[in-house]
Amino acid sequence: MRRERAPIVIVVLAAIGAAFFILPLVGLVVRSPWPDAITELTAPETVEALKLSLVASLSATAIGLLLGVPLAWLYARVQFPGRDLLRAMTTLPMVLPPVVGGIALLLAFGRRGLIGAWLDSTFGITLPFTTTGVVMAETFVAMPFLILTVEAGLRSMDRRYEEAARALGANRWRVFTRVTLPLIRPSLFAGAVLCWARALGEFGATITFAGNFPGVTQTTPLAVYLLLETNPEASFILSLVLLLVSLVVLVGLKDRWLGSA
């Protein structure tokens, strides 16, 4: 196939657009204190933040898989009144400002919230400003990425395999676990990775709903925010960790989203 030559105007504008994204990242890499990287990463407060981020993001991903896959299946396979509205509501956190999401969580699960007041008075359970609150905030903003990815996989798969399994006598649960899930495994994996990466980088909803308490709710993005005022060099190193994770995720999912061209 003949390779098309790009007009010079498009090349120049594209180069400016690319530089707009690349220069800040280069600045972060160049200005980071590399000789102190190991010291900063092994500091007790940094280790605590990284550990909490890992536990909370993996927990949010597990919850996303448990609840998001059934939602995606309903959206892809079942027609029911209000389906489009429900889909919009459950994917709204993707475009909702994270701070607004945190406020919404407070109004629902806070000590005076719609459900939080009942949980507090009946069971003595308080969710805001706890590690559980961190997981809830991350799940709220990250699970929509998994839902949409899995739904797309379900809509694009060949359903004849499911029909053949039913014709051979398999029940619905066996078809779902032995046929459907293996067929959408790439979408399931991509959705889980996107969900995890988004949860790992969550900031606004977390600080609003769970606060910023070291060892309890202070995840890596929150630690970066705090260190930016007290120890900028350490914040640069932690920012590089998040940058590296995001880069690995994007490169790893390149074939899933953009193809191998």
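Rule-based calculations on the coordinates, nothing more; no lab input. Nothing here was measured: the structure is a model prediction, and the numbers come from that model. Cβ placement follows ideal geometry from the backbone for every residue including glycine, while neighbour counts extend to all protein chains displayed.
Would you order Thr132, Thr206 from fewest to most other beta-carbon atoms within 10 Å of each residue's own beta-carbon?
Thr132, Thr206
Simple spin-label model, 7 Å along Cα-to-Cβ: Leu244 to Arg178 in nm?
Placing both labels 7 Å along Cα→Cβ, they lie 4.4 nm apart.
State the answer as a single residue: which of Pro33, Asn171, Ile237 lies farthest towards the positive end of the charge dipole of the chain, with beta carbon charges of +1 for Lys and Arg and -1 for Asp and Glu, about the Cα centre.
Of the candidates, Asn171 comes out farthest on the positive side.
Which of these, Ala14, Ala197, Ala223, has the largest mean-square fluctuation under a Gaussian network model of the chain (Cα springs below 10 Å)?
Ala14
Quick check on segment 36-92: what are the equivalent-ellipsoid semi-axes from the Cα gyration tensor, as sqrt(5λ), descending, whole Å?
Details: eigenvalues 323, 23, 11 Å².
Working through the eigenvalues yields semi-axes of 40, 11, 7 Å.
According to a simple spin-label model (label point 7 Å from Cα along Cα-to-Cβ), what is the distance in nm between Arg185 and Phe80?
With each label point 7 Å from Cα toward Cβ, the separation is 3.0 nm.
Please give the length that would be gained between Tyr225 and Lys51 if that part of the chain were fully extended, namely 0.36 nm times their separation in residues minus their C-alpha to C-alpha distance (nm, one decimal).
Working: separation 174, 0.36 × 174 = 62.64 nm, distance 1.69 nm.
Once the chain is fully extended between Tyr225 and Lys51, it gains 60.9 nm.
What ranking do Trp73, Trp173, Trp34, Trp196 get, fewest neighbouring Cβ atoms within 10 angstrom at the top? Write out the running numbers ahead of the final one.
Details: Trp73 17, Trp173 8, Trp34 12, Trp196 23.
Listed from fewest to most nearby Cβ atoms, that is Trp173, Trp34, Trp73, Trp196.
Using a 10 angstrom cutoff on alpha carbons, build the Gaussian network for the chain and name the most mobile of Val241, Val150, Val69.
With Cα springs under 10 Å in the chain, the top fluctuation among Val241, Val150, Val69 is at Val241.
To make sure I understand, if each residue's beta carbon is the centre and we count other beta carbons within 10 Å, what order do Tyr161, Tyr75 fall in, fewest to most? Present the calculation step by step, with values, prior to reporting the outcome.
Numbers: Tyr161 14, Tyr75 21.
Ranked by crowding around the Cβ, least crowded first: Tyr161, Tyr75.
Residues with amide H under 5 Å of Thr130's amide H, sequence separation 5 or more or different chain, H placed in the peptide plane at 1.01 Å from N; which?
Distant-sequence amide H within range of Thr130: zero hits.
Test of understanding: in a Gaussian network model of the chain with alpha carbons linked when under 10 Å, which of Glu48, Glu138, Glu229 would top the mean-square fluctuation ranking?
The residue with the greatest mean-square fluctuation here is Glu229.
Reported to two decimal places, what Rg/Rh ratio describes segment 47-212 when computed on Cα atoms with Rh from the Kirkwood expression?
Working: Rg = 17.8 Å, Rh = 17.0 Å.
Rounded to two decimals, Rg over Rh is 1.05.
Taking R0 as 51 Å, what FRET efficiency do you get between Val100 and Ala167 from their Cβ-Cβ distance, rounded to the nearest 0.05?
0.55
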